[in-house]
Amino acid sequence: VREREGERGRERERKRERESESFSEMADVQNRAHGDGWGSYSDEDLGESAAAALSSFGELGTGKAAGRGKGRRLLTKLDVLSRDEMQKLWRRQIALAVLLLAGAVAQVLVVQLLFASELDVPVGDVVLHLRVYQTSPYGLYVYSILVVCVFAFACVLFLTYAQRILLHSHAKLRSHEQLWGMLRNGALLFYIDPVPYIMYIIGYLATGGNLGDPSNGDKQMIALGMVFRNSMFVAGTYLYFWTSAHSFRIRTGPLPRMFYVPKLGLLLLYIFSGQLLFWRQNVAVAEVPFVSIAYLIRICARYSIWRRDVVSAVVLHTVLELCVVLWVARDVLLTSWDVAAEEREVEFDAGDSHERSQRARSWHFFATHHALVYTSYYIAYCVLLFGLPVGPAIAAAKMWSFFSLWLSPMPVVLLVYWLGYAVVESFVNLPPDSSGLKGWFVPNTISR
């Protein structure tokens, strides 16, 4: 027993020495790159040094399992965060989720208690008793200012992150996840879609009168806004999370040739299905899954506005949503099993059951962080959609055969939460030589 304990202690000491050497090599690469300038070294020299350092880092705490990887997955800030730093980010995201849910409930209560009223709408021989809500021109003006402010902050985030990745990190040290992060931040800009709200602010200041709801317009403008919003939501959530979860378990060589094909094919079909519903059936579907069919049943059941073609089309769209969710869940489970299998090898090789590889900690943070974000966002979206008065949607379905199954306009509380999520994901995808506020703009020397 004493011999085994002694061997385990020597193994841990050798592991700490390898860790120290790998960080020293990585620091040397970054110092050569940023301290003396990229031009002082050729891409080949720098690439070889980076590959050696990253390969050495890939062996940390992973025993034989890391030998298969050869350090294919390049380092990001997430790969060098300590357990305490991850817990701080996790606690902040939990606080943001609590604020989101509280804000959603508060908005529903304020609208129902202060702005909602009963209204009788005659439609032919039938009188619809509907509960509706209206806001004043000044309320729309304030709302438009808030949306523009969120958009401005999103622009700052996009430009800051893009210049850090493209201008202050070498191409050979740039990971796929960092480029997908740029796609996510860019998708957020189009998801907010501030153009109608900017026009409303200009018109309000010029006339001081009511110019109408900035989220309304003719059918072409509504369709354009819906395709932008749904497409950017798909790119910023499904595509980013799906590609990142899949690439996490690819430890050798480049990404497979067919890596993007099934993902883009299924997601483009999903977007096309939503557009087809709008133009053929006059149905505006929600961007979050499984909500449209539930809200359609709520609208149709109130005054028996059932249309077989509309219900059948929305059911088919929901089946497509289910296929997307199940395929994404499959990749998440495969990656979780792969990381768990590697972690078992780590514990067996190191002889320490309490020790976890950095890769396992990174995956655990990535998976749990997205589970929290998507769950809280989904709950808040449903609270707002089903908690706000349904009268306008029923009137549109009964009078004009238009089925609005989404939140329009998008509540600011959801946009702020989405922005907070993008900030956290951008932070963990920064290069590993990013420390403090300065690390968002220029590299910092890596210390032990």
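The values are calculated or read from the model by the stated rules, or taken from the named source; none is laboratory data. It should be emphasised that the depicted structure is a prediction, and the values quoted were computed from it without experimental measurement. Cβ: placed from backbone, ideal geometry, glycine included. Neighbour counts: every protein chain shown. Heads up: the accessible areas ignore ligands, DNA and RNA and are worked out on the full protein's heavy atoms, side chains in. Shrake-Rupley method; radii C 1.70, N 1.55, O 1.52, S 1.80 Å.
Here are some notes:
- On inspection, Leu414 does not qualify as at pLDDT 90 or above, closer than 30 Å to Leu81 by Cα and open to solvent by 10 Å² or more (accessible area, probe 1.4 Å).
- Residues in region 172-189 that are in contact (Cβ under 8 Å) with a residue 24 or more places away in the chain and surrounded by fewer than 16 Cβ atoms within 10 Å (Cβ to Cβ) were compared, and the one that is nearest to Gly139 (Cα to Cα) is Leu183.
- Evaluating Leu407 against the criteria (1) under 22 Å from Tyr191 (Cβ atoms); (2) in a helix (DSSP H, G or I) leaves one unmet condition, (2).
- Output for region 313-346, where each listed residue is surrounded by 16 or more Cβ atoms within 10 Å (Cβ to Cβ) and free of Cβ contacts under 8 Å to residues at least 24 places away in the same chain: Glu343
- Just one of (1) over 21 Å from Tyr161 (Cα atoms); (2) open to solvent by less than 50 Å² (accessible area, probe 1.4 Å); (3) of a type outside the set (Asp, Glu); (4) at pLDDT below 85 fails for Asn210. It is (2).
- Criterion violated by Pro194 - all others in (1) surrounded by fewer than 19 Cβ atoms within 10 Å (Cβ to Cβ); (2) over 19 Å from Thr243 (Cβ atoms); (3) of a type outside the set (Phe, Trp, Tyr); (4) at pLDDT below 90 satisfied: (1)
- Residues that are of a type in the set (Phe, Trp, Tyr), over 27 Å from Val332 (Cβ atoms) and surrounded by fewer than 14 Cβ atoms within 10 Å (Cβ to Cβ) do not occur anywhere in region 262-276.
- Those residues of region 300-312 which are in a helix (DSSP H, G or I), surrounded by fewer than 19 Cβ atoms within 10 Å (Cβ to Cβ) and among the aliphatic types (A, V, I, L, M), in sequence order: Ala301, Val311
- So Val383, is it β-branched (Val, Ile, Thr), within 21 Å of Leu113 (Cα to Cα) and either open to solvent by 30 Å² or more (accessible area, probe 1.4 Å) or not in a helix (DSSP H, G or I) (or both): yes
- Considering region 85-143, the residues that are of a type in the set (Ser, Thr, Tyr) and assigned to a strand (DSSP E or B) include one that is surrounded by the most Cβ atoms within 10 Å (Cβ to Cβ), namely Tyr133.
- So Leu255, is it in contact (Cβ under 8 Å) with a residue 60 or more places away in the chain, open to solvent by 10 Å² or more (accessible area, probe 1.4 Å), among the aliphatic types (A, V, I, L, M) and more than 27 Å from Met399 (Cα to Cα): yes
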